[in-house]
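K.L.:
One structure, pasted below without further comment.
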Amino acid sequence: MRVIAVQTRRQMRDFVRVPQAIFGTNPCYVPPIWLDEAQAYTKKANPILRNSDFSLFLALDDAGVPIGRTIAYVDHTFNKFYQSKIGFFGAFECIDDAEAAALLVRTAEEWLYAHGMEVIRGPIHPVAENWGFVVEGYDTPPVYLSPWNPAYYHDFFTTTGYEKVKDLLVYEADMAKGYELPKRHEEFAARFLARYPGISIRRLDRKHLREDARAIWEISNTALADNWGYVPLELPVMEDMLNKLKLIVDPDAVWMVEHEGKPVGFCLGFPDINILLKKINGNLLPFGWARLLLGVKKVRDYRLFGLAVDPAWHKRALDALMYIHLYQNLRPKNIRMEANYILEDNLHIRNALERLGMEKIKTYRIYEKPLFAKAVNESLQ
């Protein structure tokens, strides 16, 4: 058994196919869009990796068959912002073999230590843009751009010195199970708009996507600045994200809130296309594109990807107003919606979601471990 750094096209193909090889028959496995997958691990195609040093690692068994993978990376934007020396791992996948997992993780630790890092944190996936391992809710399939993993990953990391640094929670509202927004909240929305007549709510403008992307970028960087782990986004990252989503965007799920014409909040939801990606096995060619674009109109599962309010409007319940508006417009579709990545200690948002009748269904966990010369050297012996 050995771990190699990915250098050739063949090795890159093996790297991106590892999850399918291990979990392809699992009902919770969702293939990526293969057309984009390999390119997404390059600086040219991925604005997140553009400001990072990184290495892709592939674990092979004695016969040379790929059995695991991970990426180790140094995000210079993050470390400059936090004045830290934290390295990251992500894209971790492995068979149920503690030796293989340990070898992969130790290799990532050694690489990060050699690049001057003092702490390793993850999983934070710089390509799939998801955070954490599932530690609660394993049987619930992931929504688009969220992770899934088997239960044994938790044991891999807790037995090799990793400790929890933060839990991220998932809340659900499923109309098919009888979810209804409490009537008092809809009455509140009417009162709010009467109190603030300068407030208007409009759909995302696809014809002026760049302008709306800038507004979302500016609001995010001010509203989320104090959130744990948040790093101010660069505008190209936001534009890239919206470009990826624009083909599947449901106009009823993306809203901009303005006060006297100035953007002060946004609500970004989208249909969960994972069920469609499974049907086309991640292949957009030759007819996958058509099946995806036609099928997305029939999807009833949604993800609430982002909701943020200009700090000047905090404590006025503008976030609740946006959620209520989202609910009212999606109600005819009898949807199921997940709100992801709610920080465990963000009691304001957690209490708001629970008052709106949503229920916690899943937990993701991010781990951390200090890197010391003695520990790294011993782990590699």
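The values are calculated or read from the model by the stated rules, or taken from the named source; none is laboratory data. Note that the structure is a prediction, hence the values are computed from the model and not measured. Cβ placement follows ideal geometry from the backbone for every residue including glycine, while neighbour counts extend to all protein chains displayed.
K.L.:
Among the listed residues Ile216, Ile201, which satisfies the condition of being closer than 25 Å to Lys44 by Cα and surrounded by 15 or more Cβ atoms within 10 Å (Cβ to Cβ)?
P.N.:
Ile216
K.L.:
Could I ask something else about it? Mind counting the residues in the range 59-81 that are surrounded by fewer than 20 Cβ atoms within 10 Å (Cβ to Cβ) and either of a type outside the set (Asp, Glu) or over 12 Å from Arg2 (Cβ atoms) (or both)?
P.N.:
9
K.L.:
So, in the range 32-60, exactly how many residues are under 24 Å from Val143 (Cβ atoms) and modelled with pLDDT of 95 or more?
P.N.:
Qualifying residue count, the range 32-60: 0.
K.L.:
Identify the residue in the range 50-81 that is touching a residue at least 60 places away in the same chain (Cβ under 8 Å) and part of a loop (DSSP other than H, G, I, E, B) and, among all such residues, is nearest to Pro236 (Cα to Cα).
P.N.:
Top of the filtered list is Asp61.
K.L.:
Has the range 17-40 got any residue that is under 20 Å from Trp111 (Cα atoms), of a type outside the set (S, T, N, Q) and either outside the structural domain of Phe133 (by TED's automatic domain parsing) or not in a loop (DSSP other than H, G, I, E, B) (or both)?
P.N.:
no
K.L.:
Further question: If you check Asn329 against the conditions, is it modelled with pLDDT of 90 or more, of a type outside the set (D, E, K, R), over 28 Å from His259 (Cβ atoms) and surrounded by fewer than 20 Cβ atoms within 10 Å (Cβ to Cβ)?
P.N.:
no
K.L.:
Mind checking which residues of the range 49-68 are more than 13 Å from Val105 (Cα to Cα) and among the small types (Gly, Ala, Ser)?
P.N.:
Those that are more than 13 Å from Val105 (Cα to Cα) and among the small types (Gly, Ala, Ser): Ser52, Ala63, Gly64.
K.L.:
Just to verify a result, which residue in the range 82-107, among those that are among the small types (Gly, Ala, Ser) and crowded, with 24+ Cβ neighbours inside 10 Å, is farthest from His154 (Cα to Cα)?
P.N.:
The selected residue is Gly87.
K.L.:
Hey, does the range 212-221 have a residue that's of a type in the set (Val, Ile, Thr) and not in a strand (DSSP E or B)?
P.N.:
The answer is yes, given that some residue of the range 212-221 is of a type in the set (Val, Ile, Thr) and not in a strand (DSSP E or B).
K.L.:
Right, another one. Scan Asp252, Asp212 and give me the residue that is acidic (Asp, Glu), at negative phi and out of contact with any Gly (no Cβ under 9 Å at 6 or more places or on another chain).
P.N.:
Going through Asp252, Asp212 in turn, just one is acidic (Asp, Glu), at negative phi and out of contact with any Gly (no Cβ under 9 Å at 6 or more places or on another chain): Asp212.
K.L.:
Can you name the residue in the range 317-338 that is out of contact with any Gly (no Cβ under 9 Å at 6 or more places or on another chain) and either in a strand (DSSP E or B) or free of Cβ contacts under 8 Å to residues at least 12 places away in the same chain (or both) and is also farthest from Met241 (Cα to Cα) among such residues?
P.N.:
Here the answer is Pro332.
K.L.:
Would you please list the contacts, defined by Cβ atoms under 7 Å and residues six or more apart or on different chains, that run from a residue in the range 355-381 that is modelled with pLDDT of 95 or more to a residue that is among the charged types (D, E, K, R) and in a loop (DSSP other than H, G, I, E, B)?
P.N.:
Pairs found: Pro370/Glu118; Leu371/Glu118.
K.L.:
Which of the following residues is surrounded by fewer than 20 Cβ atoms within 10 Å (Cβ to Cβ), touching a Cys at 6+ places or on another chain (Cβ under 9 Å) and over 25 Å from Trp289 (Cβ atoms): Ile4, Ile22?
P.N.:
Ile22
K.L.:
Mind checking which strands (runs of 3 or more DSSP E) fall wholly inside the range 114-191 and carry at least 2 residues that are closer than 21 Å to Gly306 by Cβ?
P.N.:
So the answer is 163-174.
K.L.:
Let me ask another. When you check Leu371 against the structure, is it in contact with a helix residue (DSSP H, G or I) (Cβ under 8 Å, 6 or more places away or on another chain), within 30 Å of Tyr113 (Cβ to Cβ) and either surrounded by 17 or more Cβ atoms within 10 Å (Cβ to Cβ) or basic (Lys, Arg) (or both), yes or no?
P.N.:
For Leu371, the condition - in contact with a helix residue (DSSP H, G or I) (Cβ under 8 Å, 6 or more places away or on another chain), within 30 Å of Tyr113 (Cβ to Cβ) and either surrounded by 17 or more Cβ atoms within 10 Å (Cβ to Cβ) or basic (Lys, Arg) (or both) - is met.
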